[in-house]
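Trainee: Once you've had a glance at the structure underneath, I'll fire off some questions.
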Amino acid sequence: MKSEKIRLILHIGQHKTGSKALQSFLTQNSTALSKRGIWYPSLNPNHPVKAFAISHFKFFALLRYQAMQREANAEALEHFWKQHQKICTPHTSIAQLLEELRQQCDRKKSTTLILSAEDVFDMHTAHESSFNPNLIQHAAQLLKESCIRLGFDPSIVLYVRRQDYLLVAHYNQYLKGSNDPRLDFERFFETFSPRLDTLKILKLWAEIFGEENFIVRPYESV
């Protein structure tokens with residue numbers, strides 16, 4: 001363990017709560033932040049899709065890949081890695097990425113590291129309709145283990161949205177992002193509804209990290 005802890009601010013979602021605007025702001029102001037000891041790294045700065053260039057989707061992809069390893073579904077694991085290996089290279093685990101970021105924090109003399117990946121909260125991308133809550137438990141445990149080993153002091157930031165608005169936003173994303181959008185709204189709701197139980201998902205994270213380490217903010221003004 002490192003002698004001096006680095007504050008780690010993890011912005012983990014939810015989806016559809018202005019994450020891209022936040023990531024854009026952090027990217028545009030990264031130089032000013034670094035002068036204050038706050039580092040918002042670029043993990044894929046040359047990615048042709050801006051959303052991946054300014055966010056830390058790589059952080060999510062590695063975490064999901066490792067969480068899936070604990071599920072022992074070889075076919076699903078191979079399919080996921082084939083889709084995301086390129087964006088994760090050269091890393092193959094979340095521990096490798098965080099260790100490299102920790103070393104860079106030491107070199108930069110940064111006291112705070114900010115990572116932002118809205119997929120992390122429920123450990124699924126916005127256009128997926130399926131849901132496996134076990135991935136959340138695996139992911140939270142993997143993150144906690146790395147934080148302890150590498151000397152990170154984590155705070156988790158979460159923006160939550162009204163479930164009816166969230167459902168409609170996700171269905172629109174499903175229609176736009178799916179190559180074969182066959183589910184009508186009613187059937188989509190039946191499949192997607194477990195991901196709308198925000199409190200249950202939050203409790204899965206809090207069991208590992210503790211409620212005192214969460215900052216939860218509402219997305220809607222009302």
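Trainee: Applying the selection to segment 100-116, what residues are exposed (fewer than 14 other Cβ atoms within 10 Å of the Cβ) and in contact with a strand residue (DSSP E or B) (Cβ under 7 Å, 6 or more places away or on another chain)?
Mentor: Of everything in segment 100-116, just one residue is exposed (fewer than 14 other Cβ atoms within 10 Å of the Cβ) and in contact with a strand residue (DSSP E or B) (Cβ under 7 Å, 6 or more places away or on another chain), namely Lys108.
Trainee: Sticking with this one: What about Lys16, is it open to solvent by less than 70 Å² (accessible area, probe 1.4 Å) and either at positive phi or under 16 Å from the mean Cα position of the chain (by Cα) (or both)? Spell out how you get there, then give the answer.
Mentor: Working: open to solvent by less than 70 Å² (accessible area, probe 1.4 Å): yes; either at positive phi or under 16 Å from the mean Cα position of the chain (by Cα) (or both): yes.
Considered against the rule, which asks whether it is open to solvent by less than 70 Å² (accessible area, probe 1.4 Å) and either at positive phi or under 16 Å from the mean Cα position of the chain (by Cα) (or both), Lys16 comes out as yes.
Trainee: Now, a different point. Using the structure shown, decide if Ala95 is without any contact (Cβ under 8 Å) to a residue 60 or more places away in the chain, out of contact with any Gly (no Cβ under 6 Å at 6 or more places or on another chain) and open to solvent by less than 60 Å² (accessible area, probe 1.4 Å).
Mentor: Details: without any contact (Cβ under 8 Å) to a residue 60 or more places away in the chain: yes; out of contact with any Gly (no Cβ under 6 Å at 6 or more places or on another chain): yes; open to solvent by less than 60 Å² (accessible area, probe 1.4 Å): yes.
In short, yes.
For every residue, the table says whether it meets (1) modelled with pLDDT of 95 or more; (2) in contact with a Ser or Thr (Cβ under 8 Å, 6 or more places away or on another chain).
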| residue | (1), (2) |
| --- | --- |
| Pro154 | yes, no |
| Val157 | yes, no |
| Tyr171 | no, no |
| Tyr174 | no, yes |
| Ser178 | no, no |
| Pro181 | no, no |
| Phe188 | no, yes |
| Phe192 | no, yes |
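Trainee: While we're here: For the condition surrounded by fewer than 21 Cβ atoms within 10 Å (Cβ to Cβ), touching a His at 6+ places or on another chain (Cβ under 8 Å), in contact (Cβ under 8 Å) with a residue 24 or more places away in the chain and outside any helix (DSSP H, G or I), what is the one hit in Glu71, Glu4?
Mentor: Values: Glu4 fails: touching a His at 6+ places or on another chain (Cβ under 8 Å).
From the options Glu71, Glu4, the qualifying one is Glu71.
Trainee: Right, something else. With the requirement that a residue be in contact (Cβ under 8 Å) with a residue 24 or more places away in the chain, of a type outside the set (Ser, Thr, Tyr) and closer than 22 Å to Ile12 by Cβ, what does segment 174-199 give you?
Mentor: Gly177, Phe192, Pro194, Arg195, Leu196
Trainee: Something else now. Which of the residues that make up segment 178-196 are under 19 Å from the mean Cα position of the chain (by Cα) and over 28 Å from Ile114 (Cα atoms)? Walk me through it before giving the result.
Mentor: Our first condition is that a residue be under 19 Å from the mean Cα position of the chain (by Cα); within segment 178-196, this holds for 192, 194-196.
Once the filter is applied, which keeps residues that are under 19 Å from the mean Cα position of the chain (by Cα) and over 28 Å from Ile114 (Cα atoms), segment 178-196 yields Phe192, Pro194.
Trainee: Further, regarding this structure: Given the conditions (1) open to solvent by less than 70 Å² (accessible area, probe 1.4 Å); (2) in contact (Cβ under 8 Å) with a residue 40 or more places away in the chain; (3) part of a helix (DSSP H, G or I); (4) in contact with a Leu (Cβ under 8 Å, 6 or more places away or on another chain), and given that Leu167 satisfies all but one, which numbered condition is not satisfied?
Mentor: Only one criterion in (1) open to solvent by less than 70 Å² (accessible area, probe 1.4 Å); (2) in contact (Cβ under 8 Å) with a residue 40 or more places away in the chain; (3) part of a helix (DSSP H, G or I); (4) in contact with a Leu (Cβ under 8 Å, 6 or more places away or on another chain) is unmet by Leu167, namely (2).
Trainee: Can you pull out every residue in segment 189-215 that is among the hydrophobic types (A, V, I, L, M, F, W, C) and either surrounded by 14 or more Cβ atoms within 10 Å (Cβ to Cβ) or assigned to a loop (DSSP other than H, G, I, E, B) (or both)?
Mentor: Residues satisfying the conditions are Phe189, Phe192, Leu196, Ile201, Leu202, Leu204, Trp205, Ala206, Ile208, Phe209, Phe214.
Trainee: Quick one: would you say Thr27 is in contact with an Asp or Glu (Cβ under 8 Å, 6 or more places away or on another chain) and under 25 Å from Gln173 (Cα atoms)? First the steps, then the outcome.
Mentor: On the way: in contact with an Asp or Glu (Cβ under 8 Å, 6 or more places away or on another chain): no; under 25 Å from Gln173 (Cα atoms): yes.
Answer is no for this residue.
Trainee: Now for a separate question. What is the one condition in (1) in a loop (DSSP other than H, G, I, E, B); (2) open to solvent by 10 Å² or more (accessible area, probe 1.4 Å); (3) touching a helix residue (DSSP H, G or I) at 6+ places or on another chain (Cβ under 6 Å); (4) not charged (D, E, K, R) that Val120 does not satisfy?
Mentor: Failing condition for Val120: (2).
Trainee: Let me ask something additional. Give segment 33-68 a look and list any residue that's surrounded by fewer than 14 Cβ atoms within 10 Å (Cβ to Cβ), of a type in the set (A, V, I, L, M) and under 15 Å from Ser116 (Cβ atoms), or say none.
Mentor: Going through segment 33-68, the residues surrounded by fewer than 14 Cβ atoms within 10 Å (Cβ to Cβ) turn out to be 35-36, 42, 45-46, 48-51.
With the extra rule that they be of a type in the set (A, V, I, L, M), the set shrinks to 49, 51.
Across segment 33-68, the qualifying residue is only Ala51.
The values are calculated or read from the model by the stated rules, or taken from the named source; none is laboratory data. All figures in this text were calculated on a predicted structure; none of them were measured in a lab. As a convention, Cβ positions derive from the backbone with ideal geometry for all residues, glycine included, and neighbour counts pool all protein chains shown. Calculation scope for accessible area: heavy atoms of the full protein, side chains included, ligands and nucleic acids excluded. Shrake-Rupley method; radii C 1.70, N 1.55, O 1.52, S 1.80 Å.
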